[in-house]
């Protein structure tokens with residue numbers, strides 16, 4: 001890296017000295033040297049930026065620029081013949097067309113360059129095939145969920161995050177919904193997207209590719225993943241299953257969250273707030289802070305109370321985790337006010353000689 005910096009510095013100095021002696025544009029020597037140093041620095045900056053571009057984008061940009069220059073040349077010929085006597089205006093229009101068409105070709109060619117399949121050419125380009133891990137398509141549910149932004153901030157996501165235009169349209173429809181809940185979810189998704197785009201370490205790409213013959217957004221995501229040969233990031237259980245049937249790899253945020261959850265072993269004690277009645281006889285249902293459902297036996301009459309339970313088993317699925325526990329009023333504590341400063345509690349066992357048993 002130090003050698004490269006030295007070479008770049010020498011290049012700028014040589015460029016400046018050459019301008020000093022050659023005096024381009026009839027400039028005096030000091031001004032010409034300054035202009036040479038500025039131009040040399042601009043070339044080095046351009047070299048640094050180009051080095052970060054993939055070969056696909058570079059070829060796409062070059063091809064688009066050539067087409068833009070060719071189009072500008074043909075249009076300039078037509079303008080020159082249409083206005084032969086307008087000496088002042090025609091050169092300006094021709095130069096403006098050249099710059100405009102070249103710029104449009106450069107930008108459009110670079111954006112569409114990712115669609116090139118250089119591996120089909122073989123030889124030198126055979127190793128340029130972009131790996132699956134470099135692109136990840138975000139679906140609507142994972143954007144609204146919001147955890148993708150937190151994961152991105154930790155640096156665990158690399159490559160390019162692809163956001164299809166049809167996903168943006170679906171988010172916009174949700175944000176404009178008459179239902180206040182849907183409208184809030186849609187606006188949350190747009191805010192998350194804006195947050196992701198501001199992360200300097202991430203490359204976010206919005207693609208225009210659509211599949212008019214496919215009506216469902218989930219199937220469009222699958223088709224787009226096949227085109228890009230990449231993975232879909234989602235928390236939709238159904239999309240996860242359908243994508244796997246089509247041979248498309250999926251990164252499920254729920255699976256990641258489940259893998260990082262603390263392991264709860266049978267026999268451990270937990271403190272939960274019984275929210276509602278369970279489906280089976282004498283069951284109560286509670287939820288942890290992360291949304292995990294806890295089904296508690298013998299807790300039907302403890303609804304709206306915080307109690308201590310013993311874990312009996314844990315069921316882990318791709319859709320989430322369920323914890324099963326048991327409440328024994330003879331040995332477990334019941335808390336009347338969850339989170340209060342002066343928490344009342346009841347205990348059914350007889351107090352020991354040393355005094356009453358206090359909650360843990």
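The values are calculated or read from the model by the stated rules, or taken from the named source; none is laboratory data. In this text the structure is predicted, and so the values were computed from the model without any measurement. Using ideal geometry, Cβ is built from the backbone for each residue, glycine included, and neighbour counts are taken over all protein chains shown.
Quick notes
- When each of 40, 80 is tested for being at pLDDT below 85, farther than 26 Å from residue 205 by Cβ and surrounded by 14 or more Cβ atoms within 10 Å (Cβ to Cβ), the lone residue that passes is 80.
- You will find that of 34, 55, the residue that is under 30 Å from residue 201 (Cβ atoms) and not assigned by TED's automatic domain parsing to the domain that holds residue 201 is 55 and no other.
- Set side by side, the residues 204, 250 differ, and just one is in contact with a helix residue (DSSP H, G or I) (Cβ under 6 Å, 6 or more places away or on another chain), closer than 29 Å to residue 289 by Cβ and either surrounded by 15 or more Cβ atoms within 10 Å (Cβ to Cβ) or not assigned by TED's automatic domain parsing to the domain that holds residue 138 (or both), which is 250.
- Residues satisfying the stated conditions in segment 253-276, i.e. over 19 Å from the mean Cα position of the chain (by Cα) and buried (at least 18 other Cβ atoms within 10 Å of the Cβ): 272, 273, 274
- Residue in segment 277-293 that is surrounded by the most Cβ atoms within 10 Å (Cβ to Cβ), counting only those that are closer than 11 Å to residue 327 by Cβ and without any contact (Cβ under 8 Å) to a residue 40 or more places away in the chain: 286
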